[in-house]
Amino acid sequence: MKRHLISAADLTRDDAILVLDTAEEMARVADRPIKKLPTLRGRTVVNLFFEDSTRTRISFEAAAKRLSADVINFSAKGSSVSKGESLKDTALTLEAMGADAVVIRHHTSGAPHRLANSGWINGSVVNAGDGTHEHPTQALLDAFTMRRHLSGTGRDLAGRRITVVGDILHSRVARSNVLLLNTLGAEVTLVAPPTLLPIGVENWPCEISYDLNAVLAKSDAVMMLRVQRERMNAAFFPTEREYARRYGLDGTRMACLPEHAIVMHPGPMNRGMEITAEVADSPRCTAVEQVKNGVSIRMAVLYLLLGGAAPAVTGPAVTHARTEENQ
Ligand code: NCD
């Protein structure tokens, strides 16, 4: 593994499988009465969030705490950033505090890359979503969820057919998923109105379709994406009703999926827009499970970037509890 996780493309197939396998071990810890491991005791993880987040921020915090790291949560709102402080000065402050890892979400694409390659900090940088660019840990938790569900899947996702639907243009989730799923051998089809596809998408390692109905029957998983109004400065489709009619997933469309297929959504969902409440609340929808899996994936990522050679999980929870008491 590289020192930083900025892009899903930073992961080789072996790296990605190592993260997924390690996350399986971490998931077993979550089922124990005591959900904590001593692995990152004495290490400091800073969550640096310049953009709103519910799931991702809480997930990284829970992951770091379950590994016994010290966690510092920084959100731009209410900090010196609103007084005009630069990313550099914020980074130098974090370095002075001795951050071993910085988890960063930023509204500007490329901010995590800048932080990782600037020399301002010595620790590992993990991209928790930058602008419309990438969100590699989301792609990892999505792959983890797919690997668990799709029967006959081995350690990778070779030959699995994944359809990603919606606002691809503004979606860092879509970009990271296309890259990682390609690394893991899956076949990805993107479905969106032409106005919501980025320039150069024809060079991405995937197929493009404008017809959702045509691809559903041959999908093992369909991932619905939110229409990101906060990033839109123009009208990308005529009306919400028109969008939902052509690109939304409702019960009738869901019935066209093969029996084993799952419906995914990274959240937050716009019920009634890209997904109906009926689909969102159906047992085939893995949205809540994806959130749960996110903690295991982020534990695995933090462990692999910071943990060194010691095994992540050793023995049952009772052993750890006793060890902690004795120290
Ligand atoms: C996504 C994000 O922030 O990129 N959500 C997430 O991390 N779970 C997708 C979105 O905002 O629609």
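Using just the C-alpha positions of segment 136-289 as equal point scatterers, what log10 of I(q)/I(0) does the Debye formula give at each q in 0.08, 0.11, 0.17, 0.20 1/Å?
After summing over all Cα pairs, the log10 values are -0.19, -0.37, -0.93, -1.35.
Among H135, H260, H149, which one shows the highest mean-square fluctuation when the chain is modelled as a Gaussian network with alpha-carbon springs under 10 Å?
H260
For segment 136-289, what is the accessible area per residue in Å², given a 1.4 Å probe and the full set of protein chains?
Ligands and nucleic acids excluded, the figure is 42 Å² per residue.
Could you work out the relative contact order of segment 136-289, using alpha carbon pairs under 8 angstrom and six or more residues apart, expressed as a whole percent?
24
Whose amide H sits under 5 Å from the amide H of I208, counting only residues 5 or more places off or on another chain, with H placed in the peptide plane?
When sequence neighbours closer than 5 places are left aside, the close amide H contacts are L190.
Magnitude of the Cβ-charge dipole of the chain, K/R +1 and D/E -1, about the Cα centre, nearest 20 debye?
Roughly 440 debye for the chain.
Identify which of V263, V201, V191 has the largest mean-square fluctuation in a Gaussian network model of the chain, with springs joining Cα atoms closer than 10 Å.
Maximum among the listed residues: V201.
Read phi for every residue in segment 157-169 and hand back ³J(HN,Hα) as whole Hz from Karplus 6.51 cos²θ - 1.76 cosθ + 1.60, θ = phi - 60°, with x for Gly and Pro.
Coupling constants for segment 157-169: 10, 3, x, 6, 10, 10, 10, 10, 10, x, 7, 5, 3 Hz.
Note the per residue figure in Å³ for the convex hull of the C-alpha positions in segment 93-157.
Per residue, the Cα convex hull of segment 93-157 comes to 104 Å³.
Could you pull out every one of the lysines with an alpha carbon less than 28 Å from that of K65, ignoring same-chain neighbours closer than 8 positions?
K2, K35, K36, K77, K88, K292
Measure off, as a whole percent, the carbon and sulfur share of the 1.4 Å-probe accessible area of the chain, all protein chains present.
Summing carbon and sulfur atoms, their accessible area is 50 percent of the total for the chain.
Show D70, D130 ordered by accessible area, largest first, where the area counts protein heavy atoms only and the probe is 1.4 Å.
Greatest to least solvent exposure: D70, D130.
Given H placed on each backbone N at 1.01 Å, which residues far from E187 in sequence or on other chains put an amide H within less than 5 Å of it?
Residues meeting the amide H criterion: G159, R160, R161, I162.
Per the Kirkwood definition applied to all pairs of different Cα atoms, how many angstroms is the hydrodynamic radius of the chain?
Final number for the Kirkwood radius of the chain is 20.4 Å.
Over the chain, what is the mean sequence separation of C-alpha contacts under 8 Å (at least six apart), divided by residue count, expressed as relative contact order in percent?
This gives 22 percent for the chain.
The values are calculated or read from the model by the stated rules, or taken from the named source; none is laboratory data. Bear in mind the structure is a predicted one, so any value in this text is a computation, not a measurement. Cβ atoms come from the backbone with ideal geometry, glycine included; neighbour counts cover every protein chain shown. Side chains included, ligands, DNA and RNA excluded: accessible areas come from the protein's heavy atoms. Shrake-Rupley method; radii C 1.70, N 1.55, O 1.52, S 1.80 Å.
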